[in-house]
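Here is the structure we will look at, set down as structure tokens.
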Amino acid sequence: MLHLSPILLLTSVLTFLIPPKTQAQAPPFAVSAFDYLTPEEGAHFTLELDLTELVNNKKTNQYFPGTLTTDDGQLFGIEVRPRGKYRRRICEVPPLKLKFHKKELRAAGLDTLNEIKLVVPCFNNPESEALVLREYVAYKMFERINPAYSVRARLVKITFRDRHIEQTKTPVYALMVEHEEQVAARLKGKIVEYFNLPADSFDTGQFALNAMFQYMIGNTDWGISDIRNVYFLQPHDGSKIRIVPFDFDFSGLVNAPYAIPNNRTGLKSVRDRQLQADGVPNAALQQAAQMLKNTQSSLLELCQSPFLPEKSRSDMESFIKLFFEALGDKSKIPQRIKGDLR
């Protein structure tokens, strides 16, 4: 029996799906490393590097050589460095950036988009792993309600092999997150950085949906004036800028023990909600609230992910249900979104 590699198999499927005329006019679709490594949720791979040295130098942007090996034996030479801000300071193992060698990607038949973000448990304990899983659900929620303009995050199971002490660690769940270059390429635009833009610079519907989503998950750790934890995507067609959010560990939905609300809000806990939508028309916010309400059952279903510990499932479901209950009680929601929600 002939056995095809995952890349050849995916290429064969895509070839079958593309009509002959289209196939003749366009080159074969190149699978990215991100997609190749995440064919399913919970895909496993081994990351080998001097992890001890990286942790000891986590405040720098120094790259460390390593290898990444998939379960089917595909090996990639990579470079790994610490990244992030707050988690880099407090975590035993900080978030990581993986950089693949473009020559190896070409040899494997992959696209040359060669950078991927990796969010790993802050500390070596089940509680930290649960926080990664909860943030995964937040990413999936926004992707579910707005697939056209969202950052993709995929759940993987990673085994670290620390060359420094020649030790293989227990596999843990981690988040593989698209790098901004891949986000821009996939969404057919470019990432721009313009500070203090007025609200009418952005696509109104996208701005409203982002604001309502952040309100739903209890996240105030984002901002437009300082471009905090959002990408500004300028579509190639010249339409208005889209706001694409990422990093949700300071949200009430994740409820990390280190998380605090934005100090400008006056909130005392990330489990409290505050709508951040200056400049967004009321009608757009009401429409976004209706969109969320229309996907309520789907969002609650994500809270029941089989990867989550039972305690996290029930807590996240309860938190999201409180939001939807408030939408049905006009005394509990901001005046601006008191529309005719059905």
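Values computed for the structure shown
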quantity	calculated
Total residues in the stretch 312-334, condition farther than 16 Å from Leu292 by Cβ and either in contact (Cβ under 8 Å) with a residue 60 or more places away in the chain or outside the structural domain of Ser298 (by TED's automatic domain parsing) (or both)	2
Single residue of Asp226, Asp237 found to be under 25 Å from Ala184 (Cβ atoms), of a type in the set (Asp, Glu) and in contact with a strand residue (DSSP E or B) (Cβ under 9 Å, 6 or more places away or on another chain)	Asp237
For Leu197: the one exception among (1) at pLDDT 95 or above; (2) not in a helix (DSSP H, G or I)	(1)
Which listed residue is free of Cβ contacts under 8 Å to residues at least 60 places away in the same chain and within 20 Å of the chain's Cα centre (by Cα), from Asp272, Asp237, Asp221, Asp249	Asp221
Which listed residue, of Lys157, Lys190, is closer than 18 Å to Pro95 by Cα and of a type outside the set (Phe, Trp, Tyr)	Lys157
Residue in the stretch 123-162 that is farthest from Val80 (Cα to Cα), counting only those that are assigned to a helix (DSSP H, G or I) and charged (D, E, K, R)	Arg144
Pick from the stretch 318-342, criterion assigned to a helix (DSSP H, G or I) and aliphatic (A, V, I, L, M), ranking: nearest to Leu175 (Cα to Cα)	Ile320
Among (1) without any contact (Cβ under 8 Å) to a residue 24 or more places away in the chain; (2) surrounded by fewer than 13 Cβ atoms within 10 Å (Cβ to Cβ), the one test that Asp278 misses	(1)
Which numbered condition Asp315 misses (of (1) within 24 Å of Asn229 (Cβ to Cβ); (2) acidic (Asp, Glu); (3) part of a loop (DSSP other than H, G, I, E, B))	(3)
Conditions (1) of a type in the set (A, V, I, L, M); (2) modelled with pLDDT under 95; (3) surrounded by fewer than 17 Cβ atoms within 10 Å (Cβ to Cβ): number failed by Leu75	(2)
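For (1) over 15 Å from Ala256 (Cα atoms); (2) surrounded by 14 or more Cβ atoms within 10 Å (Cβ to Cβ); (3) of a type in the set (S, T, N, Q), each residue gets a yes or a no:
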site: Gly66; (1), (2), (3): yes, yes, no
site: Arg81; (1), (2), (3): yes, yes, no
site: Ala107; (1), (2), (3): yes, no, no
site: Ala130; (1), (2), (3): no, yes, no
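Listed here are the residues, each with its yes/no results for (1) under 14 Å from Arg242 (Cα atoms); (2) surrounded by fewer than 15 Cβ atoms within 10 Å (Cβ to Cβ); (3) not assigned by TED's automatic domain parsing to the domain that holds Gly84.
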| residue | (1), (2), (3) |
| --- | --- |
| Arg163 | no, no, no |
| Gln167 | no, yes, no |
| Thr170 | no, yes, no |
| Tyr194 | yes, yes, yes |
| Pro198 | yes, yes, yes |
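The values are calculated or read from the model by the stated rules, or taken from the named source; none is laboratory data. Source: prediction; values computed, not measured. A quick note on method: Cβ atoms are made from the backbone with ideal geometry, for glycine too, and the neighbour counts reach across all protein chains shown.
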